[in-house]
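Worksheet for the structure shown next.
The values are calculated or read from the model by the stated rules, or taken from the named source; none is laboratory data. No experiment lies behind these values; they were computed from the predicted model shown. Glycine gets a Cβ as well: all are built from the backbone with ideal geometry, and neighbour counts include every protein chain shown. All accessible areas refer to the heavy atoms of the entire protein, side chains included, with ligands and DNA or RNA removed. Shrake-Rupley method; radii C 1.70, N 1.55, O 1.52, S 1.80 Å.
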Amino acid sequence: MRISYLWLKDFLNFQLSPFQVADIVTMAGLEVEGVAPVGPELEGIVVGHVLEARKHPNADKLSLCRVDLGDKTLEVVCGAPNVATGQKVAVIEAGTTLPDGRLIEARPVRGVVSHGMICSGRELMLSEDAEGILVLDPSLTPGALLRDVIGPRDWSLDLEITLNRPDCLSHQGVAREIAAALRVPLKLQKTVVDESGPPVDALTSIEVREPELCPRYSARLIRGVKIGPSPDWMRWRLEAAGLRSINNVVDVTNYVLLEMGHPMHAFDFQRLEGRRIVVRRAETGEKFTTLDGQERILDDRMLLICDAQRGVALAGVMGGSNSEITEETTDLLLESAYFDPINTRRTSRLLGLSTDSSKRFERGADPNATVRALDRAAELILQLAGGEVAQGVADVYPRAIEPPRIDLRPARVQEILGLKVPKVEISDHLVRLGCQVAINEPAHSLTVRPPTWRPDLEREIDLIEEVARLHGYDHIPTAEQARSPLNVPHVAADAFPERLADLLTREGFTQVYTSSLLSAREVEIPGYPAAARIKNPASEDTAYLRNGLLPGLLKVAAYNLHRGQPDLALFEIGRVFAAGDDGLREWDALTGLLAGARNAGLWDQPEQAVDFLDLKGHVQTMLSEILLDKPELFYYHIEHGTGDALEVRRGERSLGWLEQVHPAVAARFEVDVPVFAFEFSLPELAEASPGRLVYRPFSKFPSLQRDLAFVLPEEAAVGPLLEEIRSAGGPHLAGTELFDVYRGVQAGPGMKSIAVRLAFQSPERTLTDAEADAAVEAIVTMMAQAHGARLRS
Amino acid sequence: MSDLDELCLLFDSELEKVEDGRALDDLRVRFLGKKGLLTQKFKELGALSPADKPARGAELNRVKERLQEALAQRQQALEAGRLSQPTLDLTLPGRRPRLGRRHPLAQVEARVRSIFRSMGFVVETGPEVETAYYNFTALNTPEWHPARDEADTFYLDAERLLRTETSPVQIRVLERGRLPVRMIAPGRVYRKDKPDPSHFPVFHQVEGLYVDHGVTFADLKGTLLAFYRSLFGEETAIRFRPHFFPFTEPSAEVDVTCFLCQGEGCRVCKQSGWLEMGGSGMVDPNVLSGVGIDPEEWSGYAFGLGIERIAMLWYGVDDIRLFWENDLRFLKQF
Ligand SMILES: [Zn+2]
């Protein structure tokens, strides 16, 4: 809603700048999006000093003026009676254009050449005063640009009005808020309508067949108007409020809308069949052409304003082209009605047609303002377009809409605000908003009747908000202490994901945030569940909910790879979604991705490309940090990715997987280097992770170390062998560490050599070499017998 | 060539290859150790005739001296060599292993959570796919409210939608019926906005709620003042502006003094000296009675704030999409 600063002055006596007004309405709850000057640019208009004004030798009514413009002196002929020596005036030099586009040229006036013009307020489009020249502040410097030394004609305040305040979609409503905030009276003009015509009932009739949808329909008739352009003041005010001038009659209806907030419509009375109005529902499929020339197809819940034959306006939304005001119009029927908010909203939404009128009706207009709006419009039309107003108002209002009665307990005000506001003050605040307030002494409560322009005031709490607002939120105290309930959860909802994120960060992974909305192609990842589709996506690129985090990470990988950043260790923790027959499931997932070099940043070392074992190492560290370790966990080979893939299970539960991403999948995301990824379900990990760490004692006796190297067939899997070594090593084998896998001449073709470092230790005593040697012997025997492994010398 | 000449030849060639102290020790052991090659020759002396012994013994001792001298010289040379090696250029860059980092939004959210936790708030979470009931109806949003439009909200079907704020978590927690409640709910929310420098269809909010006996607007003001002072600095002031939200009444927009210009007015705060931080208000009685709580007995406040908004202001990030691009050159800075 654009509000004209000058227009507000019709309702208020104030000495505030537009910016001060903006501050006041801001603190009243009307958000100000901007304050902008309104008016002509005043390009090339300068301040002049009238050095001398003397009579034109050949014309009594003209003056010859010598004007100082700072850097030059100009000879100008002036026709204004009020020009005088010594004045500071606004001057336009020949060769420059006026705000209305007129080019001023040097020309002879009664034999004397005028080299410019001294301007009136009217010529500069600053005021309506055309009688004399604009006389400026005598302290101004000649030659100064006029636009730098005088303010604009008006200011426009762009207000964001919240949905609950339809009353503030008008200058009167905004002025009322300012008046209430400043505690000054609101000036409401008296309208005077000269009803010189015959009684309205003799000329037309109104029939409302749907009083539910149209609780009130009021109309006035004006005959013999002359359609024409509006005067400047009207055009300028509409312009400040963001509307274009059309003609005097249409401008008046818009003007009243902007001034009082009540939408109106003017029909060409002669174009109404039967010269009467019927308010009925449209028929399903009924066609109607609105003012914008569009043919609309209606349904039987839409309200249509009709004449004796056909629809002439879509109630509360837009008029029809069949009865609109034209140059030839002489007789008007002015409609000022109150339409049901919900039905108006429905019609507007179904037809995709939102107008200044529908916006106000759907938020709630004032049913008791229809006649005042008509009177104001009739007054202005007589003034601007002439004509003869029929006597009286045709007003169909079968059931008057009364404001509710609301009980307001001052004690409740204190309970909600934490501030005691005296009864009288409460009453005073509400009265300033137009409420009627009765103080019930014995009951310690107030009975409040809000005005019908405030449909948002229905309950006690609504009134408490108004009291708080007018009292000023600034004047409500600020508590200095908090009372907190003493319920601290054993495990906070955010604790587990935070722990994992910190862990991965320590491991060198960087956290990313990726969008939850993906394309059909992106959610197609082998092993992922079906993805849920959004019914009304913004685009096909964002039509699905992510069913895992890998697609997002691959997109981030591609983005960075293509920008010369190939060494990636990334993770994300976030919500993922799966569509299923039994409804949608959602859970938090944790996904990590590795690509490029593992030793990035160690500049003097040759680059080493990451591989699957890097990935597995990070996963193992992470899992052991959340107290998940062998023997509880099992790693299974699974069909996933390239085949280099493992699933991590605990018992029957799958916790997640790790893999080299299949190059074909990676390629779909424009990733053309090897990438390794893991994904875990956070709830599964949390469930599996023990809540409590239990200390394991360690031995204080020395340990004995033995290094062994076995030669084995190439295809032997090392992981299970290490397990077997552990169990064959006896109770004192405390550590089994793989430290080399060697292939080459010394191992022989088709064979490999593995080297393990064994540590023997007892919690109770120092072991002897013989004990260690015996255990080694047992391991060597087991390896030879079970796996044909020979010891490498 | 005698056997001792051969031994000396072998020793000399091996000595050539020695480059460090360890190899030198190995060589010493190999020739002069208990089982060393020269030691063996000494042991063989016993088998010689008394006539040959002295000459052979003298020869062996000469060789031994020669080896020892050569080893000592070599040792000296090694030590000298070590010291005369070029010194390390300390101006070379250090080796810096890769450091992992938390996403800036995660860092801001963690800070917000920790401040509220210190004030006795409990962290709660809820589903991102919500029902229209939890997201709108239970929050007192009228059926006709434009926020429900398909133009603003993503729907999965007639009833299910992507939550447009974290407020539905309030309802889910209140429904448990265990009062008092003092909670925050951080999380992702979704709105059908076109991506531009200040919008992204996915973003993060933190919702706060306190319902207890006798909670007032003054408590709300005090809590948010304490929070924003902790977040932005002790000198921060806040301002409450009346506003409209369906689920709170009275409702307020919360502004904090601009920490970039200390309230003097700058480009970021549009010369106002204030930064808009989020909505707040007293829980609407309809919301409480909707979950079976008597609004005459209990009252509460609720507030919301945007993680992206705080992060953008605090770090001076001027395009929200940077958070979603995950360019390492961006992420590395936090
Ligand atoms: Zn600032």
Sequence order, segment A:376-385: Karplus ³J(HN,Hα) from phi using 6.51 cos²θ - 1.76 cosθ + 1.60, θ = phi - 60°, Hz rounded, Gly and Pro as x, gives 5, 5, 4, 4, 5, 5, 4, 5, 9, 10
I need the calculated FRET efficiency for the pair A:Val431 and B:Asp196, taking r as the beta carbon distance and R₀ as 51 Å, to the nearest 0.05. 0.65
Return the Rg/Rh ratio of segment A:406-468 with Cα-based radii and a Kirkwood Rh. 0.92
Let me understand segment A:226-361 better: what is its radius of gyration from the alpha carbons, and its Dmax, in angstrom? 14.7, 45
Using a Cα-Cα cut-off of under 25 Å, which lysines could be cross-linked to A:Lys287, ignoring same-chain neighbours fewer than 8 residues away? A:Lys359
For a test of the definition: using alpha carbon positions, the gyration tensor, and the 1.5 limit on a/c, classify segment B:215-271 as rounded, prolate or oblate. oblate
Just to verify a number: FRET efficiency for A:Asp292 and A:Glu540, C-beta to C-beta distance, R0 = 35 Å, to 0.05? 0.65
Just checking chain B: which Cys have no other cysteine's beta-carbon under 4.7 Å? B:Cys8
Using 0.36 nm per residue of separation minus the Cα-Cα distance, give me the extension gain between A:Leu722 and A:Thr447 in nm, one decimal. 90.4 nm
Could you rank A:Trp233, B:Trp324 by how accessible they are, 1.4 Å probe, largest area first? A:Trp233, B:Trp324
May I have the convex hull volume per residue, in Å³, for the Cα set of the protein assembly as shown? 289 Å³
Obtain the nm distance between the two label points defined at A:Gln608 and B:Glu14 by a simple spin-label model: each point lies 7 Å from its Cα along the Cα-to-C-beta direction. 3.5 nm
For a test of the definition: using alpha carbon positions, the gyration tensor, and the 1.5 limit on a/c, classify segment A:704-791 as rounded, prolate or oblate. prolate
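Name the shape class, rounded, prolate or oblate, that the alpha-carbon gyration tensor gives for segment A:45-150, where a ≥ b ≥ c are the square roots of its eigenvalues, rounded holds for a/c under 1.5, and otherwise prolate holds if a/b is larger than b/c and oblate otherwise. Walk me through the numbers on the way to the answer.
Working: a/c = 1.38, a/b = 1.24, b/c = 1.11.
Note, shape of segment A:45-150 comes out rounded.
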Ellipsoid semi-axes in whole angstrom, largest first, where each is sqrt(5λ) of the Cα gyration tensor of chain B: 85, 23, 19
Run the numbers for A:Ser196 and A:Val184: contour at 0.36 nm per residue of separation, minus the present Cα-Cα distance, in nm. 0.6 nm
Does a label point 7 Å from the Cα of A:Asp299, set along Cα-to-beta-carbon, have any residues of segment A:200-226 with amide nitrogen under 20 Å, and which are they? A:210, A:212-214
Of B:Thr164, B:Thr39, B:Thr236, which has the largest mean-square fluctuation in a 10 Å C-alpha GNM of chain B? B:Thr39
Calculated SAXS-style log₁₀ I(q)/I(0) at q = 0.11, 0.13, 0.20, 0.22 Å⁻¹ - segment A:411-550, Debye, Cα scatterers: -0.75, -0.76, -1.17, -1.31
Centroid-to-centroid separation of segment A:81-156 and segment B:240-298 [C-alpha atoms, Å]: 50 Å
Can you tell me which aspartates and glutamates have their Cα less than 20 Å from the Cα of A:Lys72? Leave out same-chain residues fewer than eight positions away. A:Glu43, A:Glu52, A:Glu93, A:Glu105, A:Asp148
Ranked from highest to lowest mean number of other Cβ atoms within 10 Å per residue, what is the order of the peptides A:2-10, B:46-54? A:2-10, B:46-54
Kirkwood-based shape ratio for segment A:159-229, expressed as Rg/Rh from alpha carbons: 1.10
Efficiency of FRET from Cβ geometry, A:Glu764 and A:Ala784, R₀ 30 Å, rounded to 0.05: 0.45
Describe numerically, in nm with one decimal, the distance between label points set 7 Å from Cα along Cα→Cβ at A:Arg533 and at B:Gln271. 5.1 nm
With N denoting the number of residues in segment B:234-334, provide Rg(C-alpha) divided by 2.2 N^0.38 Å, to two decimal places. 1.39
Under a 1.4 Å probe, what is the accessible area of chain B per residue, stated in Å²? 47 Å²
Ignoring ligands, DNA and RNA, please state the percent of accessible area on chain A from carbon and sulfur, probe 1.4 Å. 50 percent
Ordered by number, the trypsin sites (Lys or Arg not before Pro) in segment A:27-87 that occupy a DSSP loop and have at most 16 other Cβ atoms within 10 Å are A:Lys72
Can you give me the C-alpha center-to-center distance between segment B:23-45 and segment A:401-429, rounded to a whole angstrom? 109 Å
Please report how far the C-alpha centroid of segment A:557-622 lies from that of segment A:368-394, rounded to the nearest whole angstrom. 74 Å
Under 14 Å Cα-Cα from B:Lys192, which aspartates and glutamates qualify once same-chain neighbours fewer than 8 residues away are excluded? A:Glu540, A:Asp541, B:Asp149, B:Glu150, B:Asp152, B:Glu165
Quick check on my link table: of A:Lys9/A:Lys423; A:Lys420/B:Lys221; B:Lys43/B:Lys64; B:Lys35/B:Lys64; B:Lys41/B:Lys64, which ones sit more than 21 Å apart, alpha carbon to alpha carbon? A:Lys9/A:Lys423
With a 1.4 Å probe, how much accessible area is buried between chains A and B, both sides summed, in Å² to the nearest hundred? 7200 Å²
Let's test this: bin the Cα-Cα distances of segment A:495-688 at 10 Å from zero up to the farthest pair and state each bin's percent. 9, 36, 38, 15, 2, 0
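What does the convex hull of the Cα atoms of segment B:3-84 come to per residue, in Å³, rounded to a whole number?
Per-residue hull volume (Cα only) is 74 Å³.
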Pair A:Glu715, A:Glu212: separation of 7 Å Cα→Cβ label points (nm): 8.2 nm
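Need the full-extension length gain, A:Leu51 to A:Gln15, defined as separation in residues times 0.36 nm minus the C-alpha distance. One decimal, nm. If you can, show how the numbers build up before the last one.
Numbers: separation 36, 0.36 × 36 = 12.96 nm, distance 3.46 nm.
That pair, A:Leu51 and A:Gln15, stretches by 9.5 nm at full extension.
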